[in-house]
Amino acid sequence: MADGVQRVAFITGAARGQGRAHAVRLAAEGIDVVAVDICADIDTIPYALGTRAELEETCALVEKEGRRASLQVADVREFDQLQRAFAAGTAEIGADCADIVIANAGGCAYPSDVDEVRAFKDAVDIMLVGVWNTVKVTTPPLIETGRPGAVVMTSSTAAVRGFTGGWGGLDGYTAAKAGILGLMRVFANLLGPHNIRVNAILPTGVDSGMTRNEAFANWIAGAAEHPVSNLRNVLPGVDVLQPADVADAVAWLVSEQGRYITGVCLPVDAGFCNA
Ligand SMILES: NC(=O)c1ccc[n+]([C@@H]2O[C@H](COP(=O)([O-])OP(=O)(O)OC[C@H]3O[C@@H](n4cnc5c(N)ncnc54)[C@H](O)[C@@H]3O)[C@@H](O)[C@H]2O)c1
């Protein structure tokens, strides 16, 4: 807060993984954080999601950087929950809005015993409806302040490489991540005149709760046996990124250095999309 102006980030899926990394990295840049997570499992996603204890740890890490944090439990699928989390979170840290919005919450419904039709719908609900809800809740108050802002939506290389599919949950994941790119373009045009930039990041595989589980291991082993495309990162020695690697890109994108970047799909992928 070198200029005395408080800056606030509203981050969904902040209990762990990339969301936590964004929170900690932005806190290090002097930004206060409203940290949102569902802190509960979803039955179409066959691995454990973030917990309240993990979300508390994220907030503790933000505070360790000398910034304020507000813990908010909310499901991004539910507009009203997200609106309450936004109001309570910004009030708790003494802010009128969030200048930075990271729509990051997500999960992958790898093949399991559940109904794949439900898994498809859930995936779209979490990662497409959830992103739309996040933008619709957070940006009108920012517009009212007249201050500039930056929104980052977490898509995936899955949106453009067509390798995540063949089962309802996986198809839904890809549909949602591709849909995010359309939403990003629309909101970049709608919010640009208010000096609010909107971009999407497309991470390659990241070492997080989404990939550190048995359901992922089973799926990826099968996908490697029957590759639909060249599934590899180009840069040497990079099997997966760490969440902090993605946070570095996001911190730059939302910073002053990124001030002329909007409407962009940014792969953070060690060359995966281009391979
Ligand atoms: N891990 C990867 O390989 C990878 C690659 C590309 C994109 N992504 C995307 O990155 C984002 C972050 O995932 P991650 O890798 O950090 O995984 P992660 O599982 O560690 O973190 C995701 C967080 O989102 C939360 N969440 C899930 N559904 C929610 C909901 N309905 N409401 C609120 N919170 C919810 C979870 O509780 C969890 O804490 C996701 O959108 C994911 O699809 C991940």
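The values are calculated or read from the model by the stated rules, or taken from the named source; none is laboratory data. Quantities reported herein were computed from a predicted structural model and do not represent experimental measurements. Glycine gets a Cβ as well: all are built from the backbone with ideal geometry, and neighbour counts include every protein chain shown. Areas reflect the complete protein model, heavy atoms only, side chains present, ligands, DNA and RNA absent. Shrake-Rupley method; radii C 1.70, N 1.55, O 1.52, S 1.80 Å.
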Reported set for the stretch 155-170 where residues are touching a residue at least 40 places away in the same chain (Cβ under 8 Å) and within 14 Å of the ligand (Cβ to nearest atom) is Ser155, Ser156, Thr157, Ala159, Val160, Arg161, Phe163, Thr164, Gly169, Leu170
Spot the failing condition for Arg77; the list is (1) among the charged types (D, E, K, R); (2) over 22 Å from Ile180 (Cβ atoms); (3) out of contact with any strand residue (DSSP E or B) (no Cβ under 9 Å at 6 or more places or on another chain), and only one is missed.
(2)
Inspect all residues belonging to the stretch 207-215 and state whether any of them is within 25 Å of Val8 (Cα to Cα) and open to solvent by less than 80 Å² (accessible area, probe 1.4 Å).
yes
State which residue is nearest to Val254 (Cα to Cα) when the search covers only the stretch 96-123 and only residues that are in contact with a Pro (Cβ under 9 Å, 6 or more places away or on another chain) and open to solvent by 30 Å² or more (accessible area, probe 1.4 Å).
Asp96
Filtering the stretch 204-254 for residues that are more than 15 Å from the ligand (Cβ to nearest atom) and in contact with a Lys or Arg (Cβ under 6 Å, 6 or more places away or on another chain) leaves a count of 2
May I ask you to verify whether Gly237 is surrounded by fewer than 14 Cβ atoms within 10 Å (Cβ to Cβ) and within 15 Å of Phe163 (Cα to Cα)?
no
Just one of Val137, Val101, Val129 is more than 13 Å from the ligand (Cβ to nearest atom) and in contact (Cβ under 8 Å) with a residue 40 or more places away in the chain; which is it?
Val101
